[in-house]
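Structure first, then comments.
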Amino acid sequence: MLGYIPPGNINLTVVQITITRGIRQALYFIAAFSAVEVLFTFGVMRFVQWLSSEIKLGDIIDVIMILMFGVLGVITWRSRKEMPKTDYSNKDSIRYGMLLGVLNPMQIPYWLFVGTYLISHEWIDIGYLSLSIFSIGSGIGAGLALYGFARFAQYIQEKFALSSYIVNKSIAILFFALSGYHICKIGYIHFIK
C-alpha cells in the first residue's frame, strides 16, 4: 500500500480514469492492476536474492521511467482538449490495468529493496505459501491505495467541478515533472557526483 502513495504513473492514471471515465471504470482498472500486482510481487519476491545479486537496474529503471513518464505526459497533454468518450467498455479499463501492471518498472526496484529487507530480517519466509499470502496482501494493499486515490479524485471533481481539460493538463505537467526528475537524477549521478 505504501508504494502507491507517492505520485507515480499508476495512481495518477487512476485519478485520470476516475475523472474522465468515472469511478466504475477506475474500479475495473484497479482490480485488473491489483491482480497483476499479486503475480508480479510473487515472482519478484521469489527471486529477490538472485535478482539483487545479478542485475544492476538503477540507470536502466531511470531511463525507462524517463521514457514512460514522457510518453504518458505527451499522450495526456495531447488529449487534454478532447472530450472524454462517455461509453467505455469494461474490457478497456481491465486491459489498461493489466498492461500498466506488467509495464510498471518501479515494481522491480521497490520489491528488490523491500523484499531483501523483509527476507534478511526473517519477517517473511520464501516458501510458496508464505509468498502467496504476502503477494495477495500486496495486491489488496495496492488496490486499497488506488481506491483511495479514485475516491479522492471523485470527491475533488464533485466539490470543485473540475473539467477534464484542467485535470489532463495537470496530470501531464506532473508526468513531465517526474520525467524531469529522473533526467536530473541521472545527470547528477553521472556528471556531478
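The values are calculated or read from the model by the stated rules, or taken from the named source; none is laboratory data. In this text, all values refer to a predicted model and were calculated from it rather than measured experimentally. As a convention, Cβ positions derive from the backbone with ideal geometry for all residues, glycine included, and neighbour counts pool all protein chains shown. Keep in mind that these areas ignore ligands, DNA and RNA; they rest on the heavy atoms of the full protein, side chains included. Shrake-Rupley method; radii C 1.70, N 1.55, O 1.52, S 1.80 Å.
Figures for the structure shown
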item	result
Largest to smallest accessible area among 111, 77 [probe 1.4 Å]	77, 111
Fully extended contour minus Cα-Cα distance, from residue 92 to residue 125, at 0.36 nm per residue	8.2 nm
Extension gain, residue 39 back to residue 151 (0.36 nm per residue minus Cα-Cα distance, nm)	37.8 nm
Segment 122-154: chymotrypsin sites (Phe, Trp or Tyr not before Pro) falling in loop per DSSP and having at most 14 other Cβ within 10 Å	123
Normalised alpha carbon radius of gyration of segment 107-184 [divisor 2.2 N^0.38 Å]	1.58
Solvent-accessible surface ranking, highest first, for 160, 33, 176, 191 at 1.4 angstrom	191, 160, 176, 33
Separation of the residue 74 and residue 192 label points, Cα + 7 Å toward Cβ, nm	2.7 nm
